[in-house]
Amino acid sequence: MDLDLSTRHDQNRAVVTVSGEVDLETAPQLGDHALAALQDVSPHVVLDLTGVTFMDSTGLKVLLSIQRRADLAGGSFAMAGVGRTVAKVLALTGLDQTFAIYDTLADVPPHPADAVPPLSGDAAPTP
């Protein structure tokens with residue numbers, strides 16, 4: 001099965017939408033696409049895995065690689081929309097404890113760089 005990948009900029013991060021099966025044949029495509037997003041869009045990457053129907057160990061290796069590269073770039077890595085099949089693989093390998101996983105994209109907290117400081121007199125810098 002083919003893998004469909006797209007990237008968009010959202011709240012100071014790259015959101016990579018993934019659909020299809022992530023396996024020995026397609027995992028390198030995911031890795032290349034996500035790393036390009038990390039370099040070209042933002043070091044803060046969120047994978048939307050809502051459309052992923054299968055993931056094998058090569059996919060897990062790519063996820064670890066993406067997280068490592070995001071960390072090295074001073075960014076962050078999270079996943080959203082992890083379906084039952086992928087969640088089971090992550091749980092069996094213990095990687096569900098390694099990755100930041102959220103139910104939906106809306107649940108992923110904004111990166112601290114997105115926060116706007118208050119403009120009250122109390123927050124104004126003193127000369």
Among the candidates T53, T98, single out the residue that is without any contact (Cβ under 8 Å) to a residue 40 or more places away in the chain and out of contact with any Leu (no Cβ under 7 Å at 6 or more places or on another chain).
-> T98
If only one of T17, T26, T7 is touching a Leu at 6+ places or on another chain (Cβ under 6 Å) and either in contact (Cβ under 8 Å) with a residue 12 or more places away in the chain or closer than 14 Å to G51 by Cβ (or both), which one is it?
-> T26
Kindly indicate whether V62 is among the aliphatic types (A, V, I, L, M) and more than 13 Å from the chain's Cα centre (by Cα).
-> no
Given T53, T58, which one is β-branched (V, I, T) and surrounded by 14 or more Cβ atoms within 10 Å (Cβ to Cβ)?
-> T58
Considering residues that are farther than 13 Å from S65 by Cβ and of a type in the set (D, E), the number found within the stretch 31-45 is 1
Those residues of the stretch 1-52 that are part of a strand (DSSP E or B), over 17 Å from L105 (Cβ atoms) and of a type in the set (G, A, S) come to a total of 1
Going by the structure shown, is P109 outside any helix (DSSP H, G or I), at pLDDT below 95 and within 15 Å of R13 (Cβ to Cβ)?
-> yes
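The values are calculated or read from the model by the stated rules, or taken from the named source; none is laboratory data. Keep in mind it's a predicted model, so treat the numbers as computed, not measured. When we count neighbours, we look across all protein chains shown, and the Cβ atoms used for this are built from the backbone with ideal geometry, even at glycine.
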